[in-house]
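Report on the following structure.
Here, each number is a calculation from the coordinates, and none is a lab measurement. All values reported here derive from a predicted model rather than from experimental measurement. Heads up, the Cβs are rebuilt from the backbone with ideal geometry, glycines too, and the neighbour counts pull from every protein chain shown.
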């Protein structure tokens, strides 16, 4: 385990094609050598959004607002975020969340999470799920299984078996 100073880390940027999801991130937990706790500093510019609305089934998360204001979509409802606010995000549908910066200034917050694997992340708006085996979400370690799947593609256990005898 080690110690890091946030000012010594470079920002990584994430932006999707339409620019709606846009943020900068510093992975503090990984940089300090943490094994079981993830921690990232996020900065959302004015008018942007974080990761798509989702929840984890294997990892609890928490959010702490450092600077700025915004909106949190949490479990289907919206809540105002302000400086100093702490939000617990359980590892089930009650923890479904997305952060939105609907203000003129930047929004900075810290996300902390357990780093359990395997994990399944559910995206209710797009009706998809993500599977992460070998490395939890937020880690840059290699994964044995990783993919995104439509919830509607659910099949029965005993059907669709290739080479069944």
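Observations on the model:
- Residue 79 versus residue 46: modelled label distance in nm, points set 7 Å from Cα along the beta carbon direction: 2.7 nm
- Only DSSP H runs of four or more residues enter the estimate; each adds -39500 (n - 2.57), and after division by the residues of the chain the mean residue ellipticity at 222 nm equals -500 deg cm²/dmol.
- If you take the Cα centroid of region 96-113 and the Cα centroid of region 7-55, the two points sit 10 Å apart.
- For residue 86 and residue 20, the difference between the fully extended length at 0.36 nm per residue and the C-alpha to C-alpha distance is 21.3 nm.
- Spacing of the two label points (7 Å from each Cα toward its C-beta) at residue 155 and residue 4, in nm: 4.1 nm
- For the chain, the calculated P(r) over all alpha carbon pairs, in 10 Å bins from 0 to the bin holding the longest distance, is 10, 35, 37, 12, 5, 2, 0 percent.
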